[in-house]
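Read-outs: derived from the displayed coordinates by stated rules, not from any lab. Since we're looking at a predicted model, the values are computed, not measured. For neighbour counting, all protein chains shown are included, and Cβ atoms are generated from backbone atoms with ideal geometry for every residue, glycine included.
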Ligand SMILES: [Zn+2]
């Protein structure tokens, strides 16, 4: 019998949805699938310790390679923003004031309200 999965989130590394991966591990607004964890383990096993490598945009990537990365960065950022907004919505449903939400996020009550209330 096949298991039907509900679409919940996408891997923040390869963008595949949970419905297309074996397992998806959740972090704070980000996710990683079992395949990407496997790739990470292989990279870690083959990488000697040493100075940290530069972030992709700090290295010598070509313009085309950088532009090809932008959609993935944007999609991951949009997913984080959606998850953050849902967490704030849930905190509001549990009775959190905009002041407490702002304090938790290191912003003013007004900034929290403007960013998350959906009101203008
Ligand atoms: Zn993945």
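Where does the chain land at 222 nm, in deg cm²/dmol rounded to the nearest 500, when only DSSP H runs of n ≥ 4 count, each adding -39500 (n - 2.57), divided by all residues? Don't jump to the answer; show the numbers that get you there.
Values: 4 runs with 60 residues, N = 120.
Mean residue ellipticity at 222 nm (helix-derived): -16500 deg cm²/dmol.
Would you mind ranking 53, 109 so that the residue whose beta carbon has the fewest other beta carbons within 10 Å leads the list? Write down the numbers at each step before the final one.
Details: 53 9, 109 14.
With the fewest neighbours first, 53, 109 line up as 53, 109.
Within a 10 angstrom radius of the beta carbon, how do 31, 73 rank from fewest other beta carbons to most?
Working: 31 23, 73 13.
With the fewest neighbours first, 31, 73 line up as 73, 31.
Over region 9-49, what per residue volume does the convex hull of the Cα atoms give, in whole Å³? It would help to have the intermediate numbers written out before the result.
Working: hull volume 2.7 nm³, N = 41.
About 66 Å³ per residue, rounded to a whole number.
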Exercise. In square nanometres, what is one fourth of the surface area of the convex hull spanned by the alpha carbons of region 47-115?
Worked result: 7.6
Problem set entry | Helix axis angle, 63-93 relative to the chain longest principal axis, alpha carbon, degrees | 30
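Restricting to Cα pairs below 8 Å that are 6+ residues apart, what does the relative contact order work out to for the chain? Please round to a whole percent.
Values: 92 pairs, mean separation 20.5, N = 120.
17 percent.
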Problem set entry | On Cα atoms only, tilt of 34-46 relative to the major axis of the chain in degrees | 50
For this session: Report the label-to-label distance for residue 41 and residue 107 in nanometres (one decimal), using points 7 Å from each Cα along the Cα→Cβ vector.
Result: 3.8
Exercise. Any idea how far apart residue 99 and residue 119 come out in nm if each label point goes 7 Å out from Cα toward Cβ?
Worked result: 1.6
Exercise. Cα centroids of region 86-114 and region 1-61: how far apart, whole angstrom?
Worked result: 30
For this session: Just the Kirkwood number for the chain, please: inverse of mean 1/r across all distinct Cα pairs, in Å, one decimal.
Result: 17.4
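Give me 43, 80 ranked fewest to most by other Cβ atoms within 10 Å of their Cβ, as a rough exposure proxy.
So the residues, fewest neighbours to most, are 43, 80.
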